[in-house]
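The values are calculated or read from the model by the stated rules, or taken from the named source; none is laboratory data. Owing to the predicted nature of the structure, the values given are computational and were not obtained by experimental measurement. Quick reminder, even Gly has a Cβ in these numbers, built from the backbone with ideal geometry, and neighbours come from all protein chains shown. Note: areas computed on protein heavy atoms with side chains; ligands, DNA, RNA excluded. Shrake-Rupley method; radii C 1.70, N 1.55, O 1.52, S 1.80 Å.
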Amino acid sequence: MENLLPPELARLANKVIEQNRKAGRRITVAESCTGGLVAAALTEVAGSSDVFDCGYITYSNDAKQAMVGVSGDLLETFGAVSIAVAWEMAQGALDKSGCDVAVAITGVAGPGGGTEKKPVGTVVFAKAEKGKSVDDVVADRKNFGDDKSRADIRFQAVLVALELLLPDEAV
């Protein structure tokens, strides 16, 4: 077996590692609904330890609070699948790791757990970068559709997260 993950993920992960190595950046991720798949894709690349520092698998709200410092009030007010929480996950991962860039992913992969406001397929991403104002944290909410499988939603979320890890000039 050449790669554990699908070729599309392996190619993009390779690009993320190469481009961040060229930029001299260290990266980290805070993952919820992807459960470590972004970290797995990155570590599939030989030599990724030059770039990838660590990953936080913050699947539960308690883990989000304990591992990356998400506020309980924020979780209660906005819910785990929100721009506010993704933003705080990214900022917390950046602060705790000392890396140059952090990407956070939180969402509803299904098949259950969706609501009218946050249906299955809703995934929120955030990116924080060292040296940038906390006001510059990039956050985005995507809806991959409630007609997709759990695997499809998670796969699409990993692709988006990897894209976010590319240095701006490499996109």
Region 91-111 residues that are of a type in the set (Asp, Glu), paired with ones that are open to solvent by 10 Å² or more (accessible area, probe 1.4 Å) (beta carbon under 7 Å, 6 or more apart): Asp100/Arg25; Asp100/Arg26; Asp100/Glu129; Asp100/Lys130
Out of Lys127, Lys148, Lys118, sole residue that is more than 26 Å from Arg26 (Cα to Cα), buried (at least 19 other Cβ atoms within 10 Å of the Cβ) and of a type in the set (D, E, K, R): Lys118
Complete set of residues in region 131-145 that are of a type in the set (Lys, Arg) and either surrounded by 15 or more Cβ atoms within 10 Å (Cβ to Cβ) or modelled with pLDDT of 95 or more (or both): Arg141, Lys142
Sole residue being under 19 Å from Lys118 (Cβ atoms), polar (S, T, N, Q), free of Cβ contacts under 8 Å to residues at least 24 places away in the same chain and touching a helix residue (DSSP H, G or I) at 6+ places or on another chain (Cβ under 9 Å), chosen from Thr43, Thr34, Thr58, Thr77: Thr77
Matching entry among Asp53, Asp95 (being within 15 Å of Lys127 (Cβ to Cβ) and open to solvent by 40 Å² or more (accessible area, probe 1.4 Å)): Asp95
Any hit, region 77-86, residues being of a type in the set (Val, Ile, Thr), in contact with a strand residue (DSSP E or B) (Cβ under 6 Å, 6 or more places away or on another chain), open to solvent by 70 Å² or more (accessible area, probe 1.4 Å) and part of a helix (DSSP H, G or I): yes
